[in-house]
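To start, the structure itself, in structure tokens.
The values are calculated or read from the model by the stated rules, or taken from the named source; none is laboratory data. Just so you know, these numbers come straight off a predicted model, no measurement behind them. Cβ atoms come from the backbone with ideal geometry, glycine included; neighbour counts cover every protein chain shown. Surface accessibility is based on the protein's heavy atoms, side chains included, excluding ligands, DNA and RNA. Shrake-Rupley method; radii C 1.70, N 1.55, O 1.52, S 1.80 Å.
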Amino acid sequence: MAVQPEIEKRGFVQTVLDAADDVFTRITAGIPAGEVRRMLRGEAAGRPNPRLKPHSETFLLHIKPTYYHDSVTKFTHTFRLGLLSTYLFFVETITGLILMIWYAPTPERAYVDMIRLLSNVPFGQFMRDIHRLGAEMMVLIVTAHMVRTYLTGSYKAPRQFTWFTGVILLVVTLFLSFSGYLLPWDQLAFWAVTIGTSMAEAVPPKVVGETVNLLARGAPDIGANGLLRFYLLHVLFLPLVLFLFFFVHYYKVVHFGISLPSNEEEVGQDTANKVPADRRVYFLPDVMIDETTFLIGFTALMVAVTAFFFSAPLESIANPQSTPLHTVAPWYFYWLQGMLKIADKTVAGVILPGVLLVLLIAIPYLDRNPSRRGRDRRVAIISGVVAGIVMIILSWMGTPYYAVQGAPAVEIVQELMPEEGMGPVREIGYQHVPLGVYDTRERPESADEEFNHILHEFEASIAAFAEKDASFNNAYGILEVTQEQPSLKRITWKINWLSPDGKEEHFVRTFFLHEDSLYWEQYGLKDFSFVRPPTQE
Amino acid sequence: MKRPWYSFLYVRSPLAKIGLGIVGVLISIAVLLFLGVIEERRMSAQEANWNGRGVEKGAEIYMNNCANCHGVDGKGLPGVAPALHSKYFFTQRLTDVGWAGSLHDYVKLTVASGRPSKTHTQWAQVMPTWSQRYGGPFRDDQVENVTAFVLNWEEDALTQGVAENPDPWQPFTDTPSKAVASDGAPAAEEVAPEATGPLPPQELFVSMGCSGCHNLDQPQTSDNRGPIAPNMGNLPEEAGTFVPGEDAETYVHNSIVNPNAYIVEGYMAGIMPQNFGERMSEEEINAMVAWLLDPNRQR
Ligand code: HEM
Ligand code: HEM
């Protein structure tokens, strides 16, 4: 650059300013500083629009439309759920890659690695919690996004294929969540996935079912091979599939434009791509600022929720020899578990979900009604709502509250001190469980207020079951707390009752509780008591 | 156009939106900073937590697998298996066996491999191999957990060695203690128990170590044999049938005071301690015989 003549002609200051603006324009891929100032003031662009350049200059922006119809930029039209799904996948990929650093997919190491991640890696627990929360949110958000496109009729012509790729994305998201679920290799993971893959076994005919099962598990039962397969599915294959289908999906969305609110156009027309000049909202700067602010706000929310209200669970190490009481699927598969309770494995586990999937894909072709207006779509909207309600009921049936009550004595102890997880006794913890023998017939009291609640609950729960269950008579419980070792208490639950024919029956369950053990629930305010450990003496 | 009720939420000015974005970033940073400040403490709490849970798991494993021989309280059973909840064990044992590693390694290795050999042993039982690596039932994490549980006795064991809390250690005959008395770890020679009057057979059956090898509930049949010593579930019916001319009482009495006189087929001589005649009074032995032969034996 011939600097000297420039300076002579225009003066030193002006030349430096011009050079600075030049650099600025390169960084913004085509927008000079003055234009940015006008953007921030909310002034409209001039003509020709100098703000379009970055769309053709940059890779990331070339896939974004340059302008939108103003009615689809309203938050309440899309709720930005598609954007959010994309963002969550992005978050999952980043946090997942970070987790991979400390994780080895073998039965000998996976669980130990989890413990090491939690106790030895700075921000390790945070990463794990956010990955797990992100996974659950992603399932939720993708489903909500589907519900929104259903309710606005956006699957109708010409967007049938967009909907189809969307269904694939939903399935892949569910499988991603499910395959990740196994990786911590604890009882929760192991048994949920054992039950889940056992449905594959029910695919008729028998050879096919067995082969599918064998392929997924790598052996008749989940073990080292199954874990490796799920790991590879989780970190490689499924993300790639999702990535691919996302781009097809997104290409279609941009290609057709986001469907307008139905009252903006005539029935049967699709004018999403013919945006009148006075209704254009340009991506730069308006939509970009909206989206960025929205995602930042969402991130802040997620960070705060992860930090204070969400803890990924970690139970005992996977043990193929012992099935814990009340194994449950992750919540987004409760509906499947609910169906499995009322129908057999082939029907509820394979045929119905298969039919459901085909139906979902076929919706654009089944629904021949050209109108996207709610008024004209009563049948479609009511069937959608009914389907949603059925899902919720099935999900409720999938929880242990429905139709899986064990023997009363087992349930009473499970309620207070479950085999896995926290429960009220572990929640109050070692310090609040005083040594002694407590017999429910004597209305026992201890010096500890929190422990008294447990005793009352024990008493009440026995009374409640005795009333409900005719084979559980004259029941009483004895809770014995002894010091087993320094910092280790033995908690023995004994429940005695009379069977209908007057025989004395009893049930005994022993647990140990260590002073330093922390148990936690997945959802709810985290326990920060470690910040100031209880001062002893 | 009608404005919806939530229109007060609309933010129009780009600067205001950017401001909100900056607030979001600041909130995230603040939360992360807070986490960063407490991270050390969180990690040590987690570390302690998993150690604690390991001890809990170990306790369960110990109760189901080890307590039979090493005692529910870990103080061993005479003639069956040594004490672990013992000051000697925590302070002197490694020196006496010449072990160069840590006690943790010693316990873990012993649990993993067991003591499956019978040469030179004063103990009635061999210790089985526990680790899956050598054909036993436990995974590595279970071996680690039960080790943590045993080591967790330390604090309590170190208070032993006083009159009201004696060290339950019974010296190994093949590794005499090199401890000097002033070292504080008294490898007490087996002290004759103080005469406390006859103890009930139920109690003696455990404290003398019988329960380590004999199962009281299972019957002894050809397809259900006790692994180390015969089961005693059906002893009242069977006792009179082993040695011709010996009735049930004589047979059981002889088997206690002189175990090698008759060895049930399939078992080895010399496994059962030979000195019960000295360690129990005649009165106690007779009560034991009567109790073992009682068809409605009560625990
Ligand atoms: C390329 C993307 C991804 C990678 C590399 C990745 C990697 C990982 C790794 C290494 C783990 C094991 C660590 C752990 O269990 O905490 C994991 C767990 C998990 N992942 Fe992913 N992941 C990715 C995407 C996803 C997505 C998109 C979802 C859900 C829609 C998901 C759901 C889960 C779940 C539920 C777990 C179990 C979390 C736990 O309990 O800790 N992951 N992931
Ligand atoms: C990982 C999952 C998904 C991602 C990342 C994703 C992403 C997107 C994005 C960014 C849009 C733009 C409009 C908006 O934000 O609403 C969109 C539109 C759309 N999506 Fe998805 N989507 C996913 C799953 C689904 C599913 C499960 C369905 C339905 C079964 C679906 C059907 C549609 C349809 C029909 C449109 C067009 C909407 C319109 O034109 O109004 N998508 N998607």
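Residues that are within 7 Å of chain A (Cβ to nearest Cβ), more than 60 Å from the chain's Cα centre (by Cα) and either hydrophobic (A, V, I, L, M, F, W, C) or open to solvent by 90 Å² or more (accessible area, probe 1.4 Å) (or both) within the stretch B:8-25 comprise B:Leu15, B:Ile18, B:Leu20, listed in sequence order. If the condition is being more than 13 Å from ligand 1 (Cβ to nearest atom) and either free of Cβ contacts under 8 Å to residues at least 24 places away in the same chain or not in a loop (DSSP other than H, G, I, E, B) (or both), then the stretch A:107-122 contributes A:Glu108, A:Ser119, A:Asn120, A:Pro122. Selection of the stretch B:56-82 for residues being within 14 Å of chain A (Cβ to nearest Cβ) and hydrophobic (A, V, I, L, M, F, W, C) yields B:Ala59, B:Ile61, B:Met63, B:Cys66, B:Ala67, B:Val72.
Scanning the stretch B:41-55 for residues that are touching a residue at least 24 places away in the same chain (Cβ under 8 Å) and at the interface with another protein chain (Cβ under 7 Å from one of its Cβ atoms), we see that the one that is farthest from the chain's Cα centre (by Cα) is B:Asn51.
It is to be established whether one or more residues within the stretch A:31-45 are closer than 30 Å to A:Ser177 by Cα, under 41 Å from the mean Cα position of the chain (by Cα), more than 16 Å from ligand 1 (Cβ to nearest atom) and open to solvent by 50 Å² or more (accessible area, probe 1.4 Å). Within the stretch A:31-45, not a single residue is closer than 30 Å to A:Ser177 by Cα, under 41 Å from the mean Cα position of the chain (by Cα), more than 16 Å from ligand 1 (Cβ to nearest atom) and open to solvent by 50 Å² or more (accessible area, probe 1.4 Å).
Counted as qualifying within the stretch A:1-63 are the helices (runs of 4 or more DSSP H) with 1 or more residues that are within 14 Å of chain B (Cβ to nearest Cβ) and touching a residue at least 60 places away in the same chain (Cβ under 8 Å), namely A:33-40. Of the helices (runs of 4 or more DSSP H) lying entirely inside the stretch B:24-106, those carrying at least 1 residues that are of a type in the set (D, E, K, R) are B:87-91, B:93-97. Kindly indicate whether A:Leu170 is open to solvent by 20 Å² or more (accessible area, probe 1.4 Å) and within 7 Å of ligand 2 (Cβ to nearest atom). Judged against the criteria, A:Leu170 is a match. When the residues of the stretch B:118-134 are filtered to those that are part of a loop (DSSP other than H, G, I, E, B) and open to solvent by 70 Å² or more (accessible area, probe 1.4 Å), which remaining residue is nearest to B:Lys57 (Cα to Cα)? The extreme case among them is B:Lys118.
Only residues that are aliphatic (A, V, I, L, M) and open to solvent by less than 30 Å² (accessible area, probe 1.4 Å) were counted in the stretch A:335-355, giving 3. Total residues in the stretch A:146-189 satisfying the condition of being more than 12 Å from ligand 1 (Cβ to nearest atom) and outside any loop (DSSP other than H, G, I, E, B): the figure is 16.
If you scan the stretch A:382-414, which residues turn out to be closer than 30 Å to A:Glu504 by Cβ and in contact (Cβ under 8 Å) with a residue 12 or more places away in the chain? Listed by number, the residues that qualify are A:Pro400, A:Ala403, A:Val404, A:Gly406, A:Ala407, A:Pro408, A:Ala409, A:Val410, A:Glu411, A:Ile412, A:Val413, A:Gln414.
Per-residue answers, yes or no, for (1) away from ligand 2 (no atom under 16 Å from the Cβ); (2) within 11 Å of another protein chain (Cβ to nearest Cβ):
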| site | (1), (2) |
| --- | --- |
| A:His234 | no, no |
| A:Val248 | no, no |
| A:Arg280 | yes, no |
| A:Thr306 | yes, yes |
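Residues that are acidic (Asp, Glu), closer than 23 Å to A:Phe245 by Cβ and either within 16 Å of ligand 2 (Cβ to nearest atom) or within 14 Å of chain B (Cβ to nearest Cβ) (or both) occur in the stretch A:133-142; there is at least one. A search for C-beta distances below 9 Å between a residue of the stretch A:250-279 that is under 21 Å from A:Arg80 (Cβ atoms) and any residue that is within 16 Å of ligand 1 (Cβ to nearest atom) and open to solvent by 30 Å² or more (accessible area, probe 1.4 Å), counting only pairs 6+ apart in sequence or on different chains, returns A:Tyr250/A:Thr86. Hey, among the residues in the stretch A:311-334 that are open to solvent by 40 Å² or more (accessible area, probe 1.4 Å) and more than 17 Å from A:Pro418 (Cα to Cα), which one's farthest from ligand 1 (Cβ to nearest atom)? The qualifying residue farthest from ligand 1 (Cβ to nearest atom) is A:Gln321.
Selection over the stretch A:420-429 of residues that are touching a strand residue (DSSP E or B) at 6+ places or on another chain (Cβ under 9 Å) and closer than 19 Å to A:Leu188 by Cβ gives a count of 2. Only one entry of B:Ser28, B:Ser86 meets the criterion of being open to solvent by less than 20 Å² (accessible area, probe 1.4 Å), more than 8 Å from chain A (Cβ to nearest Cβ) and of a type outside the set (Phe, Trp, Tyr), and that entry is B:Ser86. In the stretch B:117-139, what residues are over 19 Å from B:Gln170 (Cα atoms) and in contact with a strand residue (DSSP E or B) (Cβ under 7 Å, 6 or more places away or on another chain)? Within the stretch B:117-139, B:Trp130, B:Ser131, B:Gln132, B:Phe138 meet the criteria.
Beta carbons closer than 8 Å, at least 6 apart along the sequence or on distinct chains, pair a first residue in the stretch A:128-139 that is within 15 Å of A:Leu118 (Cβ to Cβ) with a second that is within 6 Å of ligand 1 (Cβ to nearest atom) and among the hydrophobic types (A, V, I, L, M, F, W, C) for A:Arg128/A:Leu99; A:Arg128/A:Ala312; A:Asp129/A:Ala312; A:His131/A:Leu99; A:His131/A:Ala312; A:Arg132/A:Ala312. Here A:Pro220 meets the list (1) open to solvent by 10 Å² or more (accessible area, probe 1.4 Å); (2) closer than 16 Å to A:Leu360 by Cα; (3) part of a loop (DSSP other than H, G, I, E, B) almost entirely, failing just condition (2). Run down A:Arg148, A:Arg159, A:Arg128 and say which single residue is more than 8 Å from ligand 2 (Cβ to nearest atom) and among the basic types (Lys, Arg). The conditions single out A:Arg128. Considering the stretch A:92-120, the residues that are of a type outside the set (Gly, Ala, Ser) and within 16 Å of ligand 2 (Cβ to nearest atom) include one that is most open to solvent (accessible area, probe 1.4 Å), namely A:Ile94. When restricted to residues that are part of a loop (DSSP other than H, G, I, E, B) and touching a His at 6+ places or on another chain (Cβ under 8 Å), the stretch A:66-78 contains 1.
Yes or no, residue by residue, for (1) within 13 Å of another protein chain (Cβ to nearest Cβ); (2) among the acidic types (Asp, Glu); (3) surrounded by 13 or more Cβ atoms within 10 Å (Cβ to Cβ):
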site	(1), (2), (3)
B:Tyr6	yes, no, no
B:Glu39	yes, yes, yes
B:Leu94	no, no, yes
B:Ala100	no, no, no
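Looking across A:Phe75, A:Phe79, A:Phe123, one residue alone is away from ligand 2 (no atom under 12 Å from the Cβ) and either aromatic (Phe, Trp, Tyr) or not assigned by TED's automatic domain parsing to the domain that holds A:Asp186 (or both). It is A:Phe123.
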